[in-house]
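Here's the structure, in structure tokens; my notes come after.
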């Protein structure tokens, strides 16, 4: 068990070094693709930290992402960019905490609808305020190389993997798995189920907001439809499910092929992207209910003779 | 029996569901180290009573005390932490986890909280007690029915609860398993555990319970030493008469 852990840690370290060195060895187009991959790795992995064990499907990614982009957009005149990223994280965590307290006592279905509605509502409110004040979007005055965005996201990804690994070993992580299996048993075992869920929901909230804050200068100009695009929430869910949420590295396995496929599809069929997104969702749910992780574990169990855990 | 040895008391505990009174002004005490049988015909309010004690349901009126501390206004997880552990009428396993992890849930979050090696040691001790030490790595789906019941029992025992609530733990077992099950609970009794047992199996009630509280239509109709209660004419009329035993 211990040596297994060292092995995983070593593998993670090697992958991290490769990820960091990548921009020096590949072309501009690949770096742009890598920025997207890193962004979705960050979003999908943090999404799965909460939704994996609890089975609560959150569609709030866009809401928090948008919150982050607007933190940068509105804050740049007053505060340095480097300060705005953690600030967005704190705001995201706080708002996720409030939303969690209000909704996580509800059953999963209500939660899904609420999170979807939240992103849309925030978008509509900002649009309304902008229309009322006559303001259009926000111009972002700073600019970075693609590789800089990439490295920031890789750093955030490394942080999330570390946090996820620590949670997996903690009482909180164990509590979440029990809650996901049977909330009634969890409560009667002495677990504060509401608090556990709220605490963990704050992580994807904070991470999506930080990601939004990082990415804002890349857009140059932000307006509600860019910052709060609902497509983002669905993409994150699809990628996480494609990879599988049973393991920390699961979403990553989904993000890489899906990002490449998506790049190709959105370039070739720019008007049918939503349709294709829906189709891919159906295919994944039907063919790979446990994602690539489930598939791999099944193959391992069949050929390796061992168990899948 | 002095006041100090009373572990659990119900005082006028009442539960209404709309117009239906499922539990009606129920009073009884559970003394340390005793096995109390909570018996009565179907629908008499036994399971509702267990749900009130464990916090699955809130009392409409009255109070429930654990060692003179009011617990009936606490949420289920706090009641569990204070030392009330329960099993469920229909066994509830954590399907994605191993037997070991299922029991670990009780060790990590229960009344006496443990973590790491210490928790593992305690879990293995409980698995030995219920006879499942060799199935620690098994998944719940690979277990027989009685073994899932054993896992559930180990999960509630591992946190050293002050009171153990067993909701028809022996139901659905075949005759051999039933014998094993009774022997297992007998062992817990010999260890001095305090147990409230909701049960239909008469043999089990006779051989396990020190005292019985008999319920009918939400009310307590008799209470006392098992042999005496079971020969009470009113009990026979209400319970044995209606049930076909």
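Okay, here's what the table says:
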{"quantity": "Cα centroid separation, the range A:122-195 to the range A:41-113 (Å)", "calculated": "4"}
{"quantity": "Helix axis angle, B:99-109 relative to chain B longest principal axis, alpha carbon, degrees", "calculated": "70"}
{"quantity": "Rel. contact order, % - alpha carbon contacts under 8 angstrom, at least six apart, chain B", "calculated": "26"}
{"quantity": "Gap separating the Cα centres of the range A:264-284 and the range B:151-166, nearest whole Å", "calculated": "52"}
{"quantity": "Peptide A:177-187 - average C-beta neighbours from other chains (10 Å radius)", "calculated": "6"}
{"quantity": "Exercise: per-residue mean of other protein chain Cβ atoms within 10 Å, A:163-175", "calculated": "1"}
{"quantity": "Förster radius 41 Å - calculated FRET efficiency between residue A:269 and residue B:17, Cβ distance, rounded to 0.05", "calculated": "0.15"}
{"quantity": "Helix axis angle, B:175-190 relative to chain B longest principal axis, alpha carbon, degrees", "calculated": "90"}
{"quantity": "Residue mean of other protein chain beta carbons inside 10 Å, B:87-100", "calculated": "3"}
{"quantity": "Pairwise Cα inverse-distance average, inverted: Kirkwood Rh of the range B:91-158 (Å)", "calculated": "11.3"}
{"quantity": "Helix-only CD estimate at 222 nm, as mean residue ellipticity for the protein assembly as shown, using -39500 (n - 2.57) per DSSP H run (n ≥ 4)", "calculated": "-19500 deg cm²/dmol"}
{"quantity": "Packing-based ranking, highest mean first, of A:38-45, B:118-125, B:157-164, A:86-93 given that Cβ atoms within 10 Å are counted", "calculated": "A:38-45, B:157-164, A:86-93, B:118-125"}
{"quantity": "FRET efficiency for residue B:142 and residue A:105, using Cβ-Cβ distance with R0 set to 30 Å, rounded to 0.05", "calculated": "0.30"}
{"quantity": "Burial order of peptide ranges B:129-135, A:183-189 (average beta-carbon count within 10 Å, highest first)", "calculated": "A:183-189, B:129-135"}
{"quantity": "Efficiency of FRET between residue B:177 and residue B:65 - r from beta-carbon atoms, R0 41 angstrom, step 0.05", "calculated": "0.70"}
{"quantity": "Value of relative contact order over the range A:2-304, rounded to a whole percent, pairs C-alpha under 8 Å and six or more apart", "calculated": "33"}
{"quantity": "The range A:217-237 and the range B:40-82: distance between their alpha carbon centers, rounded to Å", "calculated": "49"}
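Read-outs throughout are calculated quantities, based only on the coordinates presented, and are distinct from any laboratory measurement. This is a predicted model, so every value here is computed, not measured. A quick note on method: Cβ atoms are made from the backbone with ideal geometry, for glycine too, and the neighbour counts reach across all protein chains shown.
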